[in-house]
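The values are calculated or read from the model by the stated rules, or taken from the named source; none is laboratory data. The structure presented is a predicted model; accordingly, all values stated were derived computationally and were not measured. Cβ placement follows ideal geometry from the backbone for every residue including glycine, while neighbour counts extend to all protein chains displayed.
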């Protein structure tokens with residue numbers, strides 16, 4: 001059992017759940033305390049000790065039956081209900097069939113399914129080793145069933161029935177036989193699916209991870225593969241924790257700043273006015289942010305990570321409003337954040353796309369700025385840090401430098417995050433070089449590491 | 001002490017807390033592995049209530065520490081009672097003078113005084129706050145650390161020592177070990193991610209909105225005056241609301257408030273009028289109320 005639990009933990013880790021050594025020890029202790037007889041209790045005790053994040057419950061629920069489920073429902077035997085004569089007839093009819101199908105029909109009628117080794121071998125031949133996810137597993141299962149002969153099964157059963165009728169088997173016996181075969185068919189399919197699922201989970205756990213989050217942090221956003229993006233998404237959380245503790249420390253040190261004479265006198269009334277307890281002015285350093293994101297195709301990745309980071313850090317910010325712009329400007333609805341949080345980035349961008357449909361060469365920063373100034377200027381005040389995340393490419397329409405100027409004056413700070421390499425600024429339709437001198441700070445954010453540094457500086461008030 | 005999971009559930013039940021199998025298992029595990037529980041879930045599903053019921057069921061006192069932004073060690077752990085120290089110094093002035101009467105030099109006086117220093121930094125002048133109360137208590141207690149996600153990250157780090165070794169260091173007194181290991185329940189509304197280190201030390205319990213059946217049971221238990229068919233209807237409405245896209249979903253406590261409101265208003269059935277009048281008990285945002293009214297009106 002211990003071995004199985006260790007393997008299960010490896011499986012969990014491979015699907016992205018962080019399980020520490022201490023936690024697997026806890027799991028073992030829990031099993032010792034509660035035993036494994038009651039499946040539900042066993043499951044709860046594993047979950048309480050191993051999974052500490054409700055978002056990871058899905059992975060747990062998917063893997064648990066694969067590792068600790070029975071091997072699927074057992075097959076029944078059709079032979080018991082048949083008389084000796086009828087059994088002979090069945091055997092004869094089966095032996096008349098061709099190789100692979102004979103095997104399948106034998107499994108389905110005898111109640112003795114394929115052995116574990118046979119199933120493993122079949123799964124391997126159907127490509128289970130190459131599958132990366134449980135979704136691909138469904139496809140492998142279908143292939144495997146086809147290999148076992150499920151595609152021609154209906155026809156085979158009909159032929160078998162005909163043959164048995166010719167041999168003179170009674171109608172009831174045939175009916176009964178068909179019932180058993182039908183039930184076994186389902187059961188075997190389920191056994192197969194479980195086997196495939198388990199095999200995929202195991203081999204995922206055994207595969208060395210090729211690229212780790214920290215290396216990927218330096219890879220440019222536009223060069224990331226889908227897989228790498230997924231790894232980075234998990235990295236964001238850890239990154240945010242780091243940034244948060246840094247921001248909290250900074251705030252705490254900032255607190256030690258000015259002596260507050262009024263509060264000190266008030267606090268020390270109870271000591272007869274002897275200043276035993278000194279009070280300091282707490283400086284509120286939490287920034288209030290307004291974020292304008294360019295959501296054209298090229299910036300999708302960087303926007304996603306920016307939104308994720310800002311969501312994770314929302315307790316470090318006193319107020320946060322975000323807008324998406326493309327050819328027009330729209331406030332980003334809460335729904336987008338919820339979808340991102342539940343790891344559905346495609347769905348999240350679908351929501352934005354519905355607000356701002358895609359048009360080729362549609363980006364119009366100048367126009368969007370005009371719209372922002374007209375409709376949403378109220379969100380910018382002297383305490384706001386305004387961040388523009390975009391490449392500053394305007395498709396040769398007016399850059400509206402005047403609006404940037406007035407926004408910069410109105411806001412506490414105007415900061416620009418540009419996902420393009422510095423060398424590309426000002427080339428073609430990029431107006432970045434014109435915007436740059438007007439901003440209080442400009443950062444190049446080509447990868448997650450740069451983005452994190454920029455956000456950290458932002459939190460520090462720079 | 002609980003004997004087994006069924007016993008946990010039965011005894012929580014006798015405190016009017018209906019515990020699912022999951023809750024029973026985790027509480028039992030917490031007791032047998034001596035680990036804190038971290039309970040997460042939406043607001044108002046009975047996380048805090050669980051601690052109260054747990055304490056009552058185990059016949060142990062409950063010590064509660066409510067977290068908030070800016071909570072620090074001195075508020076959570078202990079404080080020196082300055083006022084009392086000052087008072088004692090004043091009252092003991094004569095004694096002090098006696099002690100110091102025969103010394104010649106200032107240095108000698110300071111040394112003599114230093115020998116007596118421990119008098120003023122002893123447990124007499126220690127004002128224990130919830131954490132220290134829980135550790136120093138003569139009988140085992142249930143310690144509830146409520147809404148840990150509201151506290152700062154530094155405080156979370158500080159809690160680690162308390163939670164894993166059940167001891168704290170007071171610089172003037174040394175390390176204080178727990179006389180009895182307290183049962184600890186931390187709750188979080190998930191407004192921010194907690195640190196890995198904290199999570200690792202806890203058993204994790206996710207408390208979600210209850211099923212229709214469980215919620216009906218809770219309503220029947222807590223508001224026995226509500227007629228059964230009305231309770232059935234009320235719970236159905238609440239579940240319907242939870243499936244909607246609202247800013248704040250109605251929680252169990254709100255269901256109970258609503259049930260009590262229905263009893264007070266002497267409602268015979270939940271018709272359009274009653275619903276419109278009482279919807280504000282369930283929903284706390286104007287936009288949500290409007291949305292719900294539109295939907296209910298359509299049917």
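Results, tabulated for the structure shown:
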| read-out | value |
| --- | --- |
| Hey, residue B:10 out of contact with any strand residue (DSSP E or B) (no Cβ under 8 Å at 6 or more places or on another chain), free of Cβ contacts under 8 Å to residues at least 12 places away in the same chain and closer than 21 Å to residue B:215 by Cβ or not | yes |
| Elements of type helices (runs of 4 or more DSSP H) contained in the stretch A:1-106, each with 3 or more residues being within 30 Å of residue B:206 (Cβ to Cβ), more than 14 Å from chain B (Cβ to nearest Cβ) and touching a helix residue (DSSP H, G or I) at 6+ places or on another chain (Cβ under 9 Å) | A:2-14, A:57-68 |
| Helices (runs of 4 or more DSSP H) enclosed by the stretch A:121-208 - at least 3 residues per element that are out of contact with any strand residue (DSSP E or B) (no Cβ under 7 Å at 6 or more places or on another chain) and closer than 30 Å to residue A:230 by Cα | A:134-148, A:171-206 |
| From the options B:29, B:12, residue that is more than 14 Å from chain A (Cβ to nearest Cβ), assigned to a helix (DSSP H, G or I) and over 16 Å from the mean Cα position of the chain (by Cα) | B:12 |
| Filter result for residue B:161 (surrounded by 15 or more Cβ atoms within 10 Å (Cβ to Cβ) and under 26 Å from residue A:238 (Cα atoms)) | no |
| Filter result for residue B:210 (buried (at least 19 other Cβ atoms within 10 Å of the Cβ), more than 14 Å from every other protein chain (Cβ to nearest Cβ) and in contact with a strand residue (DSSP E or B) (Cβ under 9 Å, 6 or more places away or on another chain)) | no |
| Residue in the stretch B:35-53 that is over 30 Å from residue B:238 (Cβ atoms), in contact (Cβ under 8 Å) with a residue 40 or more places away in the chain and either more than 10 Å from chain A (Cβ to nearest Cβ) or surrounded by fewer than 21 Cβ atoms within 10 Å (Cβ to Cβ) (or both) present | yes |
| Per-region count, the stretch B:141-165, residues modelled with pLDDT of 90 or more and assigned to a loop (DSSP other than H, G, I, E, B) | 2 |
| Some residue of the stretch A:385-392 being free of Cβ contacts under 8 Å to residues at least 60 places away in the same chain and assigned by TED's automatic domain parsing to the domain that holds residue A:289 | yes |
| Helices (runs of 4 or more DSSP H) contained entirely in the stretch A:301-410, each with at least 2 residues that are within 25 Å of residue A:243 (Cβ to Cβ) and at pLDDT 90 or above | none |
| Residue A:54 being surrounded by 13 or more Cβ atoms within 10 Å (Cβ to Cβ) and in contact with a strand residue (DSSP E or B) (Cβ under 9 Å, 6 or more places away or on another chain) | yes |
| The stretch A:284-300, residues that are more than 14 Å from chain B (Cβ to nearest Cβ) and either buried (at least 22 other Cβ atoms within 10 Å of the Cβ) or outside any helix (DSSP H, G or I) (or both) | A:287, A:288, A:289, A:290, A:291, A:292, A:293, A:294, A:295, A:296, A:299 |
| Selection status of residue A:358, in contact (Cβ under 8 Å) with a residue 40 or more places away in the chain, over 26 Å from residue A:249 (Cα atoms) and loosely packed, with under 15 Cβ neighbours inside 10 Å | yes |
| Selection count, the stretch B:181-195, where residues are more than 7 Å from every other protein chain (Cβ to nearest Cβ) and either under 21 Å from residue B:63 (Cα atoms) or more than 17 Å from the chain's Cα centre (by Cα) (or both) | 9 |
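Residues are listed down the side, and each one gets a yes or a no for (1) closer than 24 Å to residue A:438 by Cβ; (2) surrounded by 17 or more Cβ atoms within 10 Å (Cβ to Cβ); (3) within 23 Å of the chain's Cα centre (by Cα):
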residue	(1), (2), (3)
A:323	yes, yes, no
A:341	no, no, yes
A:367	yes, yes, no
A:375	yes, no, no
A:380	yes, yes, no
A:403	yes, yes, no
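Residue-wise test of (1) free of Cβ contacts under 8 Å to residues at least 24 places away in the same chain; (2) on the phi > 0 side of the Ramachandran plot; (3) surrounded by 11 or more Cβ atoms within 10 Å (Cβ to Cβ).
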| position | (1), (2), (3) |
| --- | --- |
| B:93 | yes, no, no |
| B:110 | yes, no, yes |
| B:114 | yes, no, no |
| B:130 | no, no, yes |
| B:166 | no, yes, yes |
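This table checks each residue for (1) assigned by TED's automatic domain parsing to the domain that holds residue B:20; (2) closer than 23 Å to residue B:45 by Cβ; (3) surrounded by 15 or more Cβ atoms within 10 Å (Cβ to Cβ); (4) in contact with a helix residue (DSSP H, G or I) (Cβ under 6 Å, 6 or more places away or on another chain).
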{"position": "B:187", "(1), (2), (3), (4)": "yes, yes, yes, yes"}
{"position": "B:198", "(1), (2), (3), (4)": "yes, yes, yes, yes"}
{"position": "B:228", "(1), (2), (3), (4)": "no, no, no, no"}
{"position": "B:240", "(1), (2), (3), (4)": "no, yes, no, no"}
{"position": "B:254", "(1), (2), (3), (4)": "no, yes, yes, yes"}
{"position": "B:268", "(1), (2), (3), (4)": "no, no, no, no"}
{"position": "B:272", "(1), (2), (3), (4)": "no, no, no, no"}
{"position": "B:283", "(1), (2), (3), (4)": "no, yes, yes, yes"}
